[in-house]
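What follows is a set of notes on a single structure, which appears directly below.
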Amino acid sequence: MRFAPEYVSIVLNENFEDAKELLLTPLMAINYAHLVMLTECGIVSREDARVLRAALDGISLDTVREVTYDGTYEDLFFFIERLIEKAAGEDISGRLHTARSRNDIAMTMYRIWQREFIAAVATGAIELRAALIDLAWRHRDTVYGAHTHTQPAQPTTVAHYLLAVIEQLERDAARFAAAYESTNLNPLGACAITGTGFPIDRRRTSELLGFSGPTCNTYGSIATVDYLLEGVSATHVLLIGLGRVIQDLLLWCTMEFGYLRLGDGFVQGSSIMPQKRNPVALEHARAITSKAVGQAQAIATAVHNTPFGDIVDTEDDLQPLVASTYRDATRAVTLVAAAMRGADFDVARLAARAGEGGTTLTELADTLVRDHGLPFRAAHAIAALLLKARTEDPRASLSQALAKASQAILGHTLAYTEEQLQTIMSPRHFVEVRTTYGGPAPAETLRALGVSKGALGRDRTAWQARRDHLARAQASLDQQVRQL
């Protein structure tokens, strides 16, 4: 078959280069595993199997990666098939393709490398959690003024904020684990779309390739794309959450806030302004994150409204975009983790500003409710009037302002000493009394950090177990190939 030069240059050449990078190693593993299974099932004789093994062994992956596409074959699969035929002869080489198709080979290749990308980004997110847990541990008592709607809201602690981020990443970990399990199923043996009449063993190739088991319905094994979208969607959710946190961190690095300082290795100066200390690592992380978010959205768009069957829209042209999404996501989480390991907070500055803007007035209102049985709305109104008085005259007495405010709202005064009100309205007191489950009180954040440390250890162990499983499968495959 002769392909049009435009088709060669625009499509086939590009796809061949992509396949060499992404799919060559999975393709060779599939060839070996399929050969072992065919031999064990008696579909290929041991004599022919040894010839085929020698042909496969003779293929240098480095040499293949240097090949320039010439248009005399369709894709990487046919190029490798040509090498096998040259080494083993036409009669024997053709036996390797018994009970399989490019369709199930392609879908198996995609799942093999996608599970590796899922593991990479999931592991990167775990290391980000570790960095944030360490930072939260150091700042479990560091009080600062949190914002809502970009305005001063209430005091909390740095640990409390970081735990919110850590828990979000823990939920990301659950999504990645589920996506890995959905991806780590083996389509090999589904053939073109209806399976085969040969007595193959799909569970055997699954074992040899490190899959949890075979996919079920042979039509769906070729047609489905939900496994791909599940991994990409988990990545998408991670990236959106990470981007929001990066935005906060960059704001905190500004001179106006001055809360966060990155290590020297993660900032850059200016070619003209000597005073600059630009937090460029986080800026790059934000840009990379946004890029990956766009790529993830493009993947869903590319497969939307395509036929439910074998179709190129979900194959060669899409896979580089999938790879790029995972790579950029891994870059982003790894960069933020590295930057936060050497970062620290200005404890004094955070504490000094924690009570600005009336952030502790909720606790004053709560205290009035507890002490006097007031409706919260009445207590809220009294606290608002007290703030108004202090805003108009920052040196005004708190006790006098409270007396006037309560008289105006209740018709009688509520008496507190200046010292009592200073304590009630202190950011430290505000935080310490909020012992609600999941709240900012240091004792509660200490408990939560212990829980998160435990979850971190379990997730690390689980991902190590997945990697060990793949390593054992590869070792078993190598051994079985040698024993043919």
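The values are calculated or read from the model by the stated rules, or taken from the named source; none is laboratory data. In this text, all values refer to a predicted model and were calculated from it rather than measured experimentally. Backbone-built Cβ (ideal geometry, glycine too); neighbour counts: all protein chains shown. Areas reflect the complete protein model, heavy atoms only, side chains present, ligands, DNA and RNA absent. Shrake-Rupley method; radii C 1.70, N 1.55, O 1.52, S 1.80 Å.
Can you name every residue in region 211-244 that is β-branched (Val, Ile, Thr) and more than 20 Å from Ala120 (Cβ to Cβ)? Full working, then the answer.
Filtering region 211-244 down to residues β-branched (Val, Ile, Thr) leaves 215, 218, 222, 224-225, 232, 235, 237, 240.
Scanning region 211-244 gives Thr215, Thr218, Ile222, Thr224, Val225.
If you go through region 232-248 one residue at a time, do you hit one that is touching a helix residue (DSSP H, G or I) at 6+ places or on another chain (Cβ under 8 Å), hydroxyl-bearing (Ser, Thr, Tyr) and not in a helix (DSSP H, G or I)? No: region 232-248 contains no residue that is touching a helix residue (DSSP H, G or I) at 6+ places or on another chain (Cβ under 8 Å), hydroxyl-bearing (Ser, Thr, Tyr) and not in a helix (DSSP H, G or I).
The condition of being among the small types (Gly, Ala, Ser), open to solvent by 30 Å² or more (accessible area, probe 1.4 Å) and in contact with a Ser or Thr (Cβ under 8 Å, 6 or more places away or on another chain) holds for only one of Ala383, Ala415, Ala408, that being Ala415.
The combined condition, being farther than 30 Å from Cys253 by Cα and among the polar types (S, T, N, Q), is not fulfilled by Thr359.
For (1) in a loop (DSSP other than H, G, I, E, B); (2) open to solvent by 30 Å² or more (accessible area, probe 1.4 Å), each residue gets a yes or a no:
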position: Glu6; (1), (2): no, yes
position: Leu52; (1), (2): no, no
position: Ile59; (1), (2): yes, no
position: Lys86; (1), (2): no, yes
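Within region 428-470, the residues that satisfy the criterion of being in a helix (DSSP H, G or I), in contact (Cβ under 8 Å) with a residue 60 or more places away in the chain, aliphatic (A, V, I, L, M) and open to solvent by 30 Å² or more (accessible area, probe 1.4 Å) are Leu446, Ala462, Leu470. For region 110-126, the criterion of being of a type outside the set (Ser, Thr, Tyr), over 19 Å from Asn184 (Cβ atoms) and open to solvent by 20 Å² or more (accessible area, probe 1.4 Å) is met by no residue.
Restricting Arg390, Arg377, Arg370 to residues that are among the basic types (Lys, Arg) and either more than 46 Å from the chain's Cα centre (by Cα) or surrounded by 14 or more Cβ atoms within 10 Å (Cβ to Cβ) (or both) narrows the list to Arg390. Ala354 meets the conditions (1) modelled with pLDDT of 95 or more; (2) farther than 25 Å from Phe117 by Cβ; (3) surrounded by fewer than 18 Cβ atoms within 10 Å (Cβ to Cβ) in every case but one. The failed one is (3).
When restricted to residues that are of a type in the set (Phe, Trp, Tyr) and either assigned to a loop (DSSP other than H, G, I, E, B) or open to solvent by 80 Å² or more (accessible area, probe 1.4 Å) (or both), region 61-84 contains 2.
Please go through region 36-50 and give me each residue that is part of a helix (DSSP H, G or I) and farther than 15 Å from Ser206 by Cβ, ordered by number. Break it down into steps so the answer makes sense when it comes.
Narrowing region 36-50 to residues part of a helix (DSSP H, G or I): 36-40, 46-50.
Selection gives Thr39, Arg46, Glu47, Asp48, Ala49, Arg50.
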